[in-house]
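One structure is given below, encoded as structure tokens.
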Amino acid sequence: MKRMEIFGTLKKDMDAVERSLYASIEVESEALGEAAMHLLKAGGKRLRPAFVLLGGKFGTYDLDRLQRVAVPLELIHMASLVHDDVIDNAQTRRGQLTVKAKWDNRIAMYTGDYIYAKALEIVAGLDDPRIHRILAKAMVEMSIGEMEQIRDFFNSGQSIRRYLLRIRRKTALLIAVSCQLGALSSGASAEDARELYNYGYNVGMAFQIRDDLLDLCGTEKQIGKPPGSDIRQGNITIPVLYALQEERLRGPLLEEIGRIHEANGRTDVSAAVVMITGSSGVARAEELADRYTQKALDALDRLPDIRARRHLRDIAHFVSRRTY
């Protein structure tokens, strides 16, 4: 499903958001500007701005005001990707060289910092203190999630609960507040904003689990990076944790993870990928993603029956079965 098909009647407004994104990263520094533009041109699904706009449909829709939320949220997401790629030593993202690979770690880190700062500068134009509190708290939680991921690299003994808390912080929260802040900035009721948060949180959890599955089951053309990149970088995801619960696989898979760790990821990971995809871990992870998707749909049922609700339902279904 293409972006236009998902966003439906939002295309004109999403195009306006896209133009604002490009305008927001203009900077006198040539190196910063080129690096930020490279990241922006690599594309992306722009789900977070779409969630802001759709959340705004539950109140008094004002595109100019909503852009002051939609653009910063996408910038925060972009900045987190730049920092992620440095930590993960990732060479490609979405089929393009990462900023750290095209330039270096220093340029990447300052580019991420610059994009974060631009996000805060734009959202400062809104006079609702609730928006600033919610966004600041989400950024704090995201930072904690990043640190937890680093701490858990190659930690095959982590619990399912620990994994879920980490992806809540790293991924789900920003999607949840995108829906919530779109509603709040448009004057929607507190009840509707809360249900939109619940919807976004559960969609975000399903989104990350699907991302973890695609890393193992997708092709390089589909996901824009070599399959098995997560385990090569030491990121132990939910299909791996489920696979490790199988007695017949636990020993051999732990040996493979240990071998990859000793090689600092500079080794073939195909044997580990084959073991994981041949386990029940994939099906169990898919079932978990489906449960989160259903919770998101349940939250939608408690919202007014407007066209935006139907678009949100379509996005939830797309996220649960996406192939890229």
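A few comments on the model shown:
- Separation in nanometres of the label points that stand 7 Å from Cα toward Cβ, at R307 and R106: 5.2
- Only Lys, Arg (+1) and Asp, Glu (-1) charged, at Cβ; the chain dipole about Cα centre in debye: 520
- Exceedance of the 28 Å cut-off in Cα-Cα distance is limited, within the set K45/K102; K45/K225; K12/K137; K12/K100, to K12/K137; K12/K100.
- Partner aspartates and glutamates for K11 [C-alpha distance under 16 Å; skip if fewer than 8 residues away on the same chain]: D62, D64, D314
- Each residue of the stretch 248-265 was assigned a 3J(HN,Hα) from its phi angle through the Karplus curve 6.51 cos²θ - 1.76 cosθ + 1.60 (θ = phi - 60°); the sequence is 5, 9, 4, x, x, 6, 4, 4, 5, 4, x, 5, 5, 5, 4, 8, 6, x Hz, with glycine and proline shown as x.
- Surface composition of the chain: carbon and sulfur atoms hold 51% of the protein heavy-atom accessible area at a 1.4 Å probe.
- Three semi-axes of the equivalent ellipsoid, the stretch 268-324, Cα gyration tensor, whole Å, largest first: 33, 12, 5
- Nearest 10 degrees, 0 to 90: helix 173-184 Cα axis against the chain principal axis: 10
- Share of alpha-carbon pairs per 10 Å distance bin for the stretch 130-188, given as whole %: 23, 44, 22, 10, 2
- Peptides 178-189, 251-262, 79-90 ordered by average Cβ neighbours within 10 Å, highest first: 178-189, 79-90, 251-262
- Put the Cα centre of the stretch 9-38 next to the Cα centre of the stretch 41-57 and the gap is 14 Å.
- For the chain, the per residue solvent-accessible surface stands at 44 Å², with DNA, RNA and ligands left out and a 1.4 Å probe.
- Ordering of 161-167, 201-207, 125-131 by burial proxy (mean other Cβ atoms within 10 Å per residue, highest first): 201-207, 161-167, 125-131
- Estimated at the nearest 10 Å², the accessible area of R321 is 130 Å² with a 1.4 Å probe.
- Length-normalised contact order for the chain - Cα pairs under 8 Å, 6+ apart - percent: 20
- Residue-wise HN-Hα couplings along the stretch 280-293, as the Karplus relation 6.51 cos²θ - 1.76 cosθ + 1.60 with θ = phi - 60° gives them from phi, are 7, x, 5, 5, 5, 5, 4, 4, 5, 4, 5, 5, 5, 4 Hz; Gly and Pro carry x.
- Using bins of 10 Å that start at zero, the share of Cα-Cα pairs per bin across the chain amounts to 6, 26, 35, 23, 9, 1, in whole %.
- Amide H within-cut-off set for T92, under 5 Å, with H built and near neighbours excluded: T98
- Seen from L213, the other residues with C-beta closer than 12 Å to its C-beta sum to a net charge of -3, counting Lys and Arg as +1 and Asp and Glu as -1.
- Distance between the stretch 110-173 and the stretch 266-306 - C-alpha centres, whole angstrom: 21
- Accessible area per residue (1.4 Å probe, heavy atoms of protein chains only) ranks R248, R46 as R248, R46, with the largest value leading.
- Degrees, to the nearest 10: 105-123 long Cα axis against longest axis of the chain: 30
- For the stretch 1-111: relative contact order, % (alpha-carbon pairs under 8 angstrom, 6 or more apart): 27
- Within a Gaussian network of the chain (alpha carbon springs, distance under 10 Å), most fluctuating of I231, I134, I209: I134
- Nearest 10 degrees, 0 to 90: helix 63-88 Cα axis against the chain principal axis: 20
- Shape metrics for the stretch 160-283, restricted to C-alpha atoms - Rg then Dmax, Å: 17.6, 55
- Max mean-square fluctuation residue, GNM over the chain, Cα-Cα springs under 10 Å, options E148, E18, E287: E287
- Cα-Cα P(r), the stretch 80-174, percent of pairs per 5 Å interval: 2, 12, 18, 19, 20, 15, 9, 4, 1, 0
The values are calculated or read from the model by the stated rules, or taken from the named source; none is laboratory data. Remember, predicted model here, so these are calculated numbers, not experimental data. Heads up, the Cβs are rebuilt from the backbone with ideal geometry, glycines too, and the neighbour counts pull from every protein chain shown. We work out accessible area using only protein heavy atoms, side chains counted, and drop any ligands, DNA or RNA first. Shrake-Rupley method; radii C 1.70, N 1.55, O 1.52, S 1.80 Å.
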